[in-house]
């Protein structure tokens with residue numbers, strides 16, 4: 001498969017922010033996960049690659065986290081990856097119109113999807129509260145303090161990924177196209 005400049009740039013940007021997960025930040029849930037899924041499916045011409053590249057980057061960063069501090073593999077991975085795929089579907093809706101307003105709405109929607117799916121996983125597996133039986137509603141309530149960090153991370157990384165792509169594309173790809181004509 002031949003990879004064009006645009007696809008190569010998308011893959012590099014996704015890998016860079018995915019590896020950013022390896023940096024320990026004092027802010028829980030401030031991560032590029034949702035933004036990677038939105039960006040990949042919104043920008044990649046090939047839908048399969050749009051899902052596969054961000055998913056592979058997430059998996060690679062999970063493997064690295066596992067090797068570094070044994071936090072890369074977790075009981076709710078199935079739910080996190082499921083939320084990631086759902087967020088990718090939201091990214092498909094941005095394919096032809098990724099205005100700042102639509103990006104903000106998509107980031108907010110992605111945060112909400114991630115919140116509900118991942119916390120459902122926590123509840124379903126009893127992951128955070130072993131030996132205790134708490135309701136699904138209580139699990140969501142306990143997850144609320146983390147939601148704002150998820151939203152902040154999604155908004156930040158959406159701006160970084162889409163912004164960097166536009167800046168680099170305009171600076172390097174458009175100039176090259178003009179020079180060839």
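The values are calculated or read from the model by the stated rules, or taken from the named source; none is laboratory data. Bear in mind the structure is a predicted one, so any value in this text is a computation, not a measurement. Ideal geometry is used to build each Cβ from the backbone, glycine not excepted, and the neighbour counts take in all protein chains shown.
Values computed for the structure shown
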{"item": "Complete set of residues in the stretch 130-139 that are in a helix (DSSP H, G or I) and either exposed (fewer than 14 other Cβ atoms within 10 Å of the Cβ) or modelled with pLDDT of 95 or more (or both)", "result": "136, 137, 138"}
{"item": "Any hit, the stretch 37-44, residues being buried (at least 18 other Cβ atoms within 10 Å of the Cβ), at pLDDT 90 or above, part of a loop (DSSP other than H, G, I, E, B) and out of contact with any strand residue (DSSP E or B) (no Cβ under 7 Å at 6 or more places or on another chain)", "result": "yes"}
{"item": "The stretch 63-79, residues that are free of Cβ contacts under 8 Å to residues at least 40 places away in the same chain and either surrounded by 14 or more Cβ atoms within 10 Å (Cβ to Cβ) or part of a loop (DSSP other than H, G, I, E, B) (or both)", "result": "70, 71, 72, 73, 77"}
{"item": "Hey, residue 87 surrounded by 14 or more Cβ atoms within 10 Å (Cβ to Cβ), under 27 Å from residue 8 (Cβ atoms) and either modelled with pLDDT under 90 or within 16 Å of the chain's Cα centre (by Cα) (or both) or not", "result": "yes"}
{"item": "Scan of the stretch 94-110 for residues that are surrounded by fewer than 17 Cβ atoms within 10 Å (Cβ to Cβ) and touching a residue at least 40 places away in the same chain (Cβ under 8 Å), ordered by number", "result": "95, 104, 108"}
{"item": "Qualifying residue in the stretch 116-124 (condition: touching a helix residue (DSSP H, G or I) at 6+ places or on another chain (Cβ under 7 Å), surrounded by 14 or more Cβ atoms within 10 Å (Cβ to Cβ) and under 13 Å from residue 33 (Cα atoms))", "result": "yes"}
{"item": "Residue within the stretch 150-166 that is surrounded by fewer than 13 Cβ atoms within 10 Å (Cβ to Cβ), modelled with pLDDT of 95 or more, part of a helix (DSSP H, G or I) and out of contact with any strand residue (DSSP E or B) (no Cβ under 9 Å at 6 or more places or on another chain) present", "result": "yes"}
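A quick yes/no check of all residues on (1) under 20 Å from residue 14 (Cα atoms); (2) assigned to a helix (DSSP H, G or I); (3) at pLDDT 95 or above:
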residue	(1), (2), (3)
81	yes, yes, yes
95	yes, no, no
104	yes, yes, yes
111	yes, yes, yes
128	no, no, no
